[in-house]
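Beneath this line is the structure, given in structure tokens, with notes to follow.
The values are calculated or read from the model by the stated rules, or taken from the named source; none is laboratory data. This structure is a prediction, so every number in the text was calculated from the model and none was measured. Backbone-built Cβ (ideal geometry, glycine too); neighbour counts: all protein chains shown. Remember, those area values only see protein heavy atoms, side chains included, never the ligands or the DNA or RNA. Shrake-Rupley method; radii C 1.70, N 1.55, O 1.52, S 1.80 Å.
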Amino acid sequence: MPGEYAGHLPTDDPLHGYLSRDVLPGMGVTARQVDFRVFCLKETKVYRYEESHSRTQVVGKFFVNGSRHGSVAMERMRREFENLQVLRGYGLAGYPHHVVRPLGTNESLNSILVEEYCGGAPLSAFIDAAIHQERQPQLFAKLTALAYFLATLHNRTANGHGVDFSEDCAYLDRLVKNLESKHIIGAWDAEELYWLRDLWREKPRMWEDRQVFVHGDATPSNFLFGEGLSVMAIDLERMRRADRVFDLGRIAGELQHFYMQATGNKYAAEPFISHFLWEYACHFPDRDRAFHSITGRIPFQMGLTLLRIARNSWVHEPHRQRLIEEAKIILRTS
């Protein structure tokens with residue numbers, strides 16, 4: 001993720017002093033002359049800073065913006081810093097499973113979180129290459145690596161407590177209310193989605209698995225890939241305890257969205273979704289049983305993912321309606 005060049009960081013900028021005095025020395029970099037080139041990584045306030053002499057690179061993620069109060073931003077900054085530390089404490093550091101290393105926080109600088117820079121291509125790049133350049137083998141390989149990473153994350157962090165599916169039902173409620181408030185769906189759509197939610201709530205299997213730490217925002221842009229099985233996870237602000245299929249359903253739903261948007265064929269992603277889930281299941285003593293359990297619960301999370309994508313302003317209207325209709329079809333799956 002090289003980013004778009006945005007110029008040099010002025011030496012009188014307080015951030016220049018913070019990076020020079022507090023961050024670089026902790027990385028073993030000491031120099032009298034320090035110069036940072038700045039690259040914009042995302043539409044939100046995430047930047048890559050490259051020290052020109054040592055070539056040391058870090059990422060700065062700002063949590064303060066014009067619509068967010070400082071106290072809220074500070075809490076989000078601290079939460080992600082702690083989440084990164086927690087997961088690295090489970091051994092998710094290095095090859096092949098790597099959670100980005102936090103280097104520092106500074107609330108006075110728009111609540112910045114500074115992290116190590118991890119080079120690598122996001123999953124979205126491999127999905128696009130498979131769709132437009134017929135590079136399907138590479139996507140299959142990266143989904144194998146991602147399944148291995150997520151299985152490791154989930155299995156190492158299981159705590160023995162049962163999942164609380166009511167939290168997922170509450171998330172559906174928030175999505176539906178948001179879609180309705182934006183006039184994307186009508187009252188009849190909302191009633192059907194609430195009815196489907198209640199059907200899923202009554203299924204015993206939705207309450208039977210154990211809690212694990214989930215990434216919480218398992219989108220194709222939040223996983224970077226190196227050589228072989230190397231997977232690097234970023235943006236863990238939303239990490240929490242939940243059912244493992246929360247992450248799996250997000251990835252599966254994103255795959256379907258990408259292929260529906262590019263090809264109009266809702267079935268085009270199925271080989272990749274099936275491969276991803278089958279590879280995930282291989283990390284359990286009884287692969288067939290694990291696969292059966294996962295596929296029995298994942299439709300609810302896939303439906304949530306499609307609804308979540310549909311609420312975004314950048315989604316074109318015809319595709320938005322396809323996402324909503326497909327979400328309802330998936331949620332009707334028993």
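Which FRET efficiency, nearest 0.05, do Asp22 and Arg240 yield, Cβ-Cβ r, R0 30 Å?
Working: r = 29 Å, r/R0 = 0.98.
My answer for the efficiency is 0.55.
For Cα pairs less than 8 Å apart in space and 6+ apart in sequence, what is the mean separation divided by the residue count of the chain, i.e. the relative contact order in percent? List each step's numbers first, then the result.
Working: 509 pairs, mean separation 49.4, N = 334.
Relative contact order for the chain comes out at 15 percent.
Going through the cross-link list Lys142/Lys266; Lys61/Lys203; Lys42/Lys142; Lys45/Lys328; Lys177/Lys203; Lys182/Lys328, which pairs have a Cα-Cα distance over 29 Å in this structure? The partial results should precede the final answer.
Details: Lys142/Lys266 21 Å; Lys61/Lys203 40 Å; Lys42/Lys142 22 Å; Lys45/Lys328 34 Å; Lys177/Lys203 24 Å; Lys182/Lys328 18 Å.
Flagged as over cut-off: Lys61/Lys203; Lys45/Lys328.
Between Lys203 and Gln85, what's the calculated FRET efficiency when r is the beta-carbon distance and R0 is 35 Å? Round to 0.05. Can you show the working numbers first?
Working: r = 36 Å, r/R0 = 1.03.
That gives a FRET efficiency of 0.45.
What chymotrypsin sites (Phe, Trp or Tyr not before Pro) does region 250-304 have in DSSP loop regions with at most 12 other beta carbons within 10 Å?
Answer in residue order: Tyr267.
Once the other residues with Cβ under 12 Å from the Cβ of His154 are scored (Lys, Arg +1; Asp, Glu -1), what is the net sum?
That works out to +1.
Give the distance, in whole Å, between the Cα centre of region 302-331 and the Cα centre of region 202-218.
22
With an 8 Å cut-off on Cα pairs and a minimum separation of 6 or more residues, tell me the relative contact order of region 130-280 in percent.
On the way: 167 pairs, mean separation 47.1, N = 151.
After rounding, I find 31 percent.
Quickly estimate the mean residue ellipticity at 222 nm for the chain, helices only: each DSSP H run with n ≥ 4 gives -39500 (n - 2.57), and the total goes over all residues, rounded to 500. Don't skip to the end; give the middle numbers.
Values: 10 runs with 160 residues, N = 334.
So the helix-based figure for the chain works out to -16000 deg cm²/dmol.
What does the extension gain come out to for Ala121 and Gln321, with contour length at 0.36 nm per residue minus their alpha carbon separation? If you can, show how the numbers build up before the last one.
Working: separation 200, 0.36 × 200 = 72.00 nm, distance 3.03 nm.
Separation in residues times 0.36 nm, less the Cα-Cα distance, equals 69.0 nm.
Would you tell me the accessible area of Thr157, worked out with a 1.4 angstrom probe on the heavy atoms of the protein chains, in Å² to the nearest 10?
0
Which residues among region 227-268 fall inside the zone where the amide N is under 12 Å from a point 7 Å beyond the Cα of His132, along Cα→Cβ?
Backbone N within reach: 262.
Would you look at the GNM of the chain, springs on alpha carbons closer than 10 Å, and say which of Ala281, Ala190, Ala218 moves the most?
Residue with maximal mean-square fluctuation among Ala281, Ala190, Ala218: Ala190.
Give, as a single signed number, the net charge of other residues whose beta carbon lies under 12 Å from the beta carbon of Tyr49, with Lys and Arg counted +1 and Asp and Glu -1. The partial results should precede the final answer.
Details: positive: Arg37, Arg48, Arg55, Lys61; negative: Asp13, Asp35, Glu50, Glu51, Glu115, Glu116.
It works out to a net charge of -2.
Taking R0 as 45 Å, what's the FRET efficiency between Tyr267 and Glu4 from their Cβ-Cβ distance, rounded to 0.05?
Values: r = 36 Å, r/R0 = 0.80.
The formula returns an efficiency of 0.80 here.
Evaluate the relative contact order of region 27-170 (contact order divided by residue number), counting alpha-carbon pairs under 8 angstrom at least 6 apart; express in whole percent.
Details: 156 pairs, mean separation 23.2, N = 144.
Result for region 27-170 is 16 percent.
Could you work out how much longer the chain between Cys282 and Cys40 gets when fully extended? Use 0.36 nm per residue separation minus the Cα distance between them, nm to one decimal. It would help to have the intermediate numbers written out before the result.
Numbers: separation 242, 0.36 × 242 = 87.12 nm, distance 3.86 nm.
Difference between extended and current length: 83.3 nm.
Between Ala170 and Glu192, what length in nm is gained on full extension when 0.36 nm per residue of separation is reduced by their alpha carbon distance?
Working: separation 22, 0.36 × 22 = 7.92 nm, distance 1.53 nm.
Once the chain is fully extended between Ala170 and Glu192, it gains 6.4 nm.
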